[in-house]
Every structure is written in structure tokens, then in C-alpha cells.
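Just so it is clear, none of the values below were taken in a lab; they were calculated from the coordinates. Computed from a predicted model, the values in this text were never measured in an experiment.
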Amino acid sequence: MQALCWTTILNGLLAPPLLALIMFISSNDKVMGDRRNTRPLNILG
């Protein structure tokens, strides 16, 4: 049970920076080419 608690805390701390990194990479033109995220999609994200 304690391991579940620590896993939840770790997930809560690591998820926002990882999601921000994924959004940054997905909006990069050099990485994604013509499939990159647009500004409205980044705002929605």
C-alpha cells in the first residue's frame, strides 16, 4: 500500500514536466515537419 502511495506521488511530480516536454517537441518544426502542433492545439494542451 505504501508503494502505491509513493508511486502516485512520483507520477504527480513527473507528469507535468514530461507532458510539457512532449508538447514542446510536438510543436517543433524541425522534429515534426508539417505534422507539428499549431498554436490553438498548444493552448488546448
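Whole-Hz Karplus values for the stretch 15-22 come out as 5, x, x, 5, 5, 5, 5, 5 Hz, taken residue by residue from phi with 6.51 cos²θ - 1.76 cosθ + 1.60 and θ = phi - 60°; glycine and proline positions read x. Could you give log10 I(q)/I(0) at q = 0.17 Å⁻¹ for the chain, computed by the Debye formula over C-alpha point scatterers of equal weight, without solvent? Debye output, listed in q order: -0.57. Residue separation of Ala15 and Ser27 scaled by 0.36 nm, minus their Cα-Cα distance, works out to 2.5 nm of gained length.
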